[in-house]
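The values are calculated or read from the model by the stated rules, or taken from the named source; none is laboratory data. Bear in mind the structure is a predicted one, so any value in this text is a computation, not a measurement. Glycine gets a Cβ as well: all are built from the backbone with ideal geometry, and neighbour counts include every protein chain shown.
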Amino acid sequence: MSVTGTIYLLHFDRPIGDLANPRGQAQHYIGYANGDGLEARLAQHRSGNGSAIMAAVARAGIEWRVVRTWAGDRNLERRLKKYKKAWRFCPVCRKARALGTGYEAHPQGGDGRGNQPSPADRIIPRDGEQV
């Protein structure tokens with residue numbers, strides 16, 4: 001039996017990593033919090049603890065926000081991370097791309113199709129759906 005918790009998507013206000021290499025940077029973090037522990041997990045991230053990338057984000061002084069959550073287990077978290085295109089789950093990035101500002105603000109690349117359904121929409125439950 002899998003433990004249900006909260007999977008969350010964090011959006012960084014600016015990318016972290018090698019800004020000269022779009023494949024060497026990140027602007028999102030997907031994480032998991034047990035049960036009702038989301039606020040405690042986010043507090044760990046704010047203090048620079050909990051994961052290597054969030055520690056680097058804290059050291060760099062990069063602001064971030066929670067942009068999406070799902071009820072689910074570690075298996076769903078792994079599926080989302082394995083997809084490697086967190087921007088497709090991110091309402092901030094999808095809106096920026098739809099407005100034509102996404103490539104400058106979010107240099108990870110992409111298909112430039114705006115808000116059209118993506119493969120990501122087929123591999124994850126919609127907000128509020130059970131896993």
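Structure data summary
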| quantity | calculated |
| --- | --- |
| Failed item, numbered, when ALA43 is tested on (1) among the aliphatic types (A, V, I, L, M); (2) in contact (Cβ under 8 Å) with a residue 40 or more places away in the chain; (3) surrounded by fewer than 14 Cβ atoms within 10 Å (Cβ to Cβ) | (2) |
| Within region 1-90, helices (runs of 4 or more DSSP H) holding 1 or more residues that are among the charged types (D, E, K, R) and more than 16 Å from the chain's Cα centre (by Cα) | 38-46, 52-60 |
| Some residue of region 20-36 being touching a Cys at 6+ places or on another chain (Cβ under 8 Å) and either within 23 Å of ARG94 (Cβ to Cβ) or free of Cβ contacts under 8 Å to residues at least 12 places away in the same chain (or both) | yes |
| Of all residues in region 1-21 being of a type outside the set (Ser, Thr, Tyr) and closer than 14 Å to ALA86 by Cβ, the one that is surrounded by the most Cβ atoms within 10 Å (Cβ to Cβ) | ILE7 |
| Candidate set from region 25-36 (those that are at pLDDT 90 or above and more than 11 Å from HIS11 (Cα to Cα)); member that is surrounded by the most Cβ atoms within 10 Å (Cβ to Cβ) | GLY31 |
| Residue in region 69-92 that is in contact with a Leu (Cβ under 7 Å, 6 or more places away or on another chain), of a type in the set (Lys, Arg), surrounded by 18 or more Cβ atoms within 10 Å (Cβ to Cβ) and touching a residue at least 12 places away in the same chain (Cβ under 8 Å) present | no |
| Residue check for TRP64: within 15 Å of ILE16 (Cβ to Cβ) and in contact with a Cys (Cβ under 6 Å, 6 or more places away or on another chain) | no |
